[in-house]
Amino acid sequence: DELRELYQEVILDHGKNPRNFRHPDDANREAKGENPMCGDRFMVYLKLKDGIVEDVAFQGRGCAISTASASMMTEVIKGKTEAEAKALFETFHDLCTKDDHDHGHHGPVDEDAMERLMVLSGVRQFPVRVKCATLAWHAMNAAIEGEDKASSE
Ligand code: FES
Ligand code: FES
């Protein structure tokens, strides 16, 4: 249907012209995400300052779905607090591991908005490609939970 076509256009656009596809010099967190099914991998970079995600970017090699989902993830996460970014990941993860009729409670996260993002990110349209669509989200979460590069020196 029309909505589905629109979604596919958004995915194609982000897949071809990924936002924040770069390696920021001042990133202080990073994590690798790898899809064991295909060997594709991304590095996700964060600049966390005073509990805010001031910058988020990624680089690496992935298919159109994983690239598009990573690109959208950077747009959603940028400017959020660390706690908000984690809550968004947890919601994404929960919604991803359930089917779309089974809604739980996710505190402050707007679940309808998140459900739209699940669709846009490809999780809903391409269930067999869920590892692609969630690669960058897992890496982002790992980066947030990782050590601060500067403080670990
Ligand atoms: Fe974590 Fe799907 S398994 S986002
Ligand atoms: Fe490798 Fe999608 S096929 S990340």
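Where a number appears in this text, it was derived from the coordinates with a stated rule and is not lab data. Computed from a predicted structure; not experimentally measured. With ideal geometry, Cβ positions are generated from the backbone for all residues, glycine too; neighbour counts draw on all protein chains shown.
A compact table of results
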read-out	value
Filter result for Leu46 (closer than 23 Å to Ala83 by Cα and either of a type outside the set (S, T, N, Q) or out of contact with any Asp or Glu (no Cβ under 6 Å at 6 or more places or on another chain) (or both))	yes
Every residue from segment 59-98 that is surrounded by fewer than 20 Cβ atoms within 10 Å (Cβ to Cβ), in contact (Cβ under 8 Å) with a residue 40 or more places away in the chain and within 16 Å of ligand 2 (Cβ to nearest atom)	Cys63, Ala64
Qualifying position, being surrounded by fewer than 20 Cβ atoms within 10 Å (Cβ to Cβ), within 16 Å of ligand 1 (Cβ to nearest atom) and either of a type outside the set (Ser, Thr, Tyr) or touching a residue at least 60 places away in the same chain (Cβ under 8 Å) (or both), among Glu34, Glu30	Glu34
Yes/no for Asp112 being within 16 Å of ligand 1 (Cβ to nearest atom), in a helix (DSSP H, G or I) and surrounded by fewer than 21 Cβ atoms within 10 Å (Cβ to Cβ)	no
Any hit, segment 89-102, residues being assigned to a loop (DSSP other than H, G, I, E, B), out of contact with any helix residue (DSSP H, G or I) (no Cβ under 9 Å at 6 or more places or on another chain) and basic (Lys, Arg)	yes
Residue in segment 3-18 that is of a type outside the set (Ser, Thr, Tyr), over 19 Å from Val76 (Cβ atoms) and without any contact (Cβ under 8 Å) to a residue 40 or more places away in the chain present	yes
Output for segment 39-57, where each listed residue is within 16 Å of ligand 1 (Cβ to nearest atom) and out of contact with any Gly (no Cβ under 6 Å at 6 or more places or on another chain)	Val44
Segment 59-85, subset outside any helix (DSSP H, G or I) and either of a type in the set (Gly, Ala, Ser) or within 10 Å of the chain's Cα centre (by Cα) (or both), residue nearest to Val10 (Cα to Cα)	Gly62
Residue match in segment 28-39 (condition: within 18 Å of Leu120 (Cβ to Cβ) and not in a strand (DSSP E or B))	no
